[in-house]
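No value in this document is a laboratory result; all are computed from the given coordinates. Only a predicted model underlies this, so the values are computations on that prediction, with no experimental measurement involved. Cβ placement follows ideal geometry from the backbone for every residue including glycine, while neighbour counts extend to all protein chains displayed.
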Amino acid sequence: MRDTLTLSTVEQIQALGHPVRQHVLRLLTREPLTNKQLATRIGIAPGKLHFHVRELERAGLIEIVEERPKGGVIEKYYRAVAANFTGGLLFGESGEGNVEMFGSALDAARQEYARAFAYYGHTPPLTSLIHHEARLTAEQAGRIQGHIEAITREMAAADANPAASAETHPYLFTALFHTMAASTPEPDAGDHSDTWASPPSSTGA
């Protein structure tokens, strides 16, 4: 398994355009698992999950690392091809599937939160939800983006080298930080009708 894979094809982005596949990929960055083992952990029928596994394999995001005979059948163990996956085409200006990818990621986060809420029977410990809109300079936006990237690097490092303490617990961090579409009110259309302004020639974040 390599350390990092940069998503570089439309097929890879499309393959991750479903929360179940994102969950599968996350599990397979940690250890090799069979389709049946994955289905048990995710809570989905093996036959239905196999479709998602095939899509990830076809896109080159997971691979078979071992085959074991068991009860007259061959068990295939899958593993992610990398421990971490980064932007590339995902953040390109003309990358296809970006909207679906982000929507899928947010939906996966929602599902994980619902599972955690059901597990604890109330709001999970250390829950934070930030949804804030602000006007920023390019310098301010770049600094915030740097903070977010520092968090993801720290979490990736911790996941790659888990602490020896048995008191570790899984955490999920989801952040979407982006330049908003600029809009200007029509002169005589009131406050509820907007027209889109032209995007800036360059963005700060």
Förster-model FRET efficiency, 22 Å R0, Ile130 and Ala163, C-beta, rounded to 0.05: 0.25
Amide H within-cut-off set for Thr6, under 5 Å, with H built and near neighbours excluded: Thr86
Of every Cα-Cα pair in the range 1-43, the percent that sits beyond 13 Å: 61 percent
Average projected area [Cα convex hull, the range 1-91], square nanometres: 5.6 nm²
